[in-house]
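Chemist: Got a structure for you, questions after.
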Amino acid sequence: MTATPVVLAAERVFDGSRFLPNHAVEITGNVISDLRPATGSEALLAGTIAPAFLDLQVNGGGGVLIDGATDVEALRQVCAAHLRLGSAGVLPTLITDTAEATAQVIASGIAAVRAGVPGFLGLHLEGPHLDPRRKGAHDPQLIRPMQAEDLVRLCDAARALPALMVTLAPEAASPEQIAALSAAGAVVSLGHTDCSFEVAQAAMAAGARCATHLFNAMSQIANRAPGLAGAVLSSDCAAGLIADGIHVHPAVMRLALAARPEGIFLVTDCMAFAGTDQTEMLLNGRMVLRRDGRLTLDDGTLAGADLTLSEAIGHLVREVGITPERALRMASAEPARVIGQADRFGQIAIGRRADLVWLAGDWTLQGVWHDGRAANEPALFS
């Protein structure tokens, strides 16, 4: 029996490259079956239909934090929370923790793949192989150099998961270890590091091809010492960016995006607060406070971001002056390319899976469709 097509018509459809005014997206089953001008008989949604987002750095969501107790159900809850916030897929992120916690999260991630958890694209392991001088909100007692057994565990995970991003500091991992991780399929991302420009370049030559939350917890640009930030902006290395106006000043974002026409993508770096009205949570036994759009430890250290990707898009357009087309790509096509999923996400085209968002004129999220179904359908998350 042929499924009855669903038609979504809007004032604008962003197909991944350009805006199409007064267009309609036709969905049959879970696939886009047509993209055409609206006929006039359909009610036009005010605003824009665009490809759904991808978020490669989510520390939790829906009241659930990724930690050593994470199981498949916890991953399901986190992914469901982000589906409702517009992300068709996420990399649940474990920050610096014990080897046992890392092993538990990896095992749960592999089980989530087998269970077909909606929205689960793999894992992001942010630490523990970092530089304590750039620890941020990571527990310094758990930061340590990479050992042989760590490398084996991470390479095995990279082979077993659809995507694995590993944030590390070159001070805590050798070029040989970086090369082995890259060869196993991991996206090695440099972050929480005080490395020099030259050391960053050596790590990139070894196989690192991404940087974690550009400008935050990394060596900065100075006139004679460009640091990791300078290495990223003068290369083709991809980089995540927290565009909340708190982590990075709008003027600095403007300079970075002018230097790099491609390769910088949006992340939320959100915590368990995402999709909830919670105001406090524990992180490695330390209280994280949600106040005035910020997430901080008691001492004021930033601990993730109180941000959604639709909010980040709005901030880029309004405060940074980035074109809407580029801002939308930074939340969809750019991260898809980083994890090798450009053929699946980031474009509205006939034959593509129907993962869509509806955004108002001010870029606030109005609706989400995942796999052809509205994201408020309970069956989507079962």
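Chemist: Rank the residues THR96, THR28, THR279 as a footprinting-exposure proxy: fewest other Cβ atoms within 10 Å of their Cβ go first. Provide the component values of the computation, followed by the final result.
Modeler: Details: THR96 26, THR28 15, THR279 10.
Listing THR96, THR28, THR279 from fewest to most nearby Cβ atoms yields THR279, THR28, THR96.
Chemist: Suppose each label sits 7 Å from its Cα in the direction of the beta carbon; what would the VAL6-ARG144 distance come out to in nanometres?
Modeler: Taking the simple label geometry, VAL6 and ARG144 are separated by 4.8 nm.
Chemist: Please report the Cα spread of segment 207-276 along all three principal axes, rounded to whole Å, starting with the longest.
Modeler: 44, 28, 22
Chemist: Over the Cα atoms of segment 53-338, what radius of gyration and what Dmax do you get, in Å?
Modeler: Over segment 53-338's Cα set, Rg and Dmax evaluate to 17.1, 51 Å.
Chemist: Separation between the ASP236 and ARG326 pseudo-spin-labels, each 7 Å from Cα along Cα→Cβ, expressed in nm?
Modeler: 1.9
Chemist: Between GLN220 and ALA342, what is the label-point separation in nm under the 7 Å Cα-to-beta-carbon projection?
Modeler: It works out to 3.3 nm between the two label points.
Chemist: From the phi angles alone, apply the Karplus equation (6.51, -1.76, 1.60; θ = phi - 60°) to segment 314-327 and give each ³J(HN,Hα) in whole Hz, x where the residue is Gly or Pro.
Modeler: Karplus values, whole Hz, x for Gly and Pro: x, 5, 4, 6, 7, 9, 9, x, 7, 5, x, 4, 5, 4.
Chemist: Let me ask something else. Would you work out the charge dipole size for the chain about its Cα centre, treating the Cβ of every Lys and Arg as +1 and the Cβ of every Asp and Glu as -1, and quote it to the nearest 20 debye?
Modeler: I would put it at about 620 debye.
Chemist: I've got another one for you. Tell me, what ³J(HN,Hα) does each residue in segment 64-74 have, in order and in whole Hz, if you take phi through Karplus 6.51 cos²θ - 1.76 cosθ + 1.60 with θ = phi - 60° and put x for Gly and Pro?
Modeler: So the J values, rounded to whole Hz, are 10, 9, 6, 7, x, 9, 5, 10, 4, 5, 5.
Chemist: Place a label point 7 angstrom from the Cα of THR276 along the Cα-to-Cβ direction, then list the residues of segment 298-318 whose backbone nitrogen is under 19 Å away.
Modeler: Only 298, 303-309 fall inside the zone, counting backbone N under 19 Å.
Chemist: Could you give the distance between the Cα centres of segment 94-152 and segment 44-78, to the whole Å?
Modeler: Answer, in whole Å: 18.
Chemist: How would ILE221, ILE350 line up from fewest to most surrounding beta-carbon atoms within 10 angstrom? Provide the component values of the computation, followed by the final result.
Modeler: Working: ILE221 19, ILE350 12.
Taking fewest neighbouring Cβ atoms as first place, the list is ILE350, ILE221.
Chemist: On to the next question. Want the number for SER41 to LEU297: 0.36 nm per residue separation, take away the alpha-carbon distance, what's left? Display every interim value, and only then the final one.
Modeler: Details: separation 256, 0.36 × 256 = 92.16 nm, distance 5.33 nm.
Full extension from SER41 to LEU297 adds 86.8 nm.
Laboratory data are not the source of any read-out in this text; all were calculated from the coordinates shown. Keep in mind that what you see is a predicted model, and the values were worked out from it rather than measured. Cβ coordinates were reconstructed from backbone atoms using ideal geometry, including for glycine residues, and neighbour counts include every protein chain displayed.
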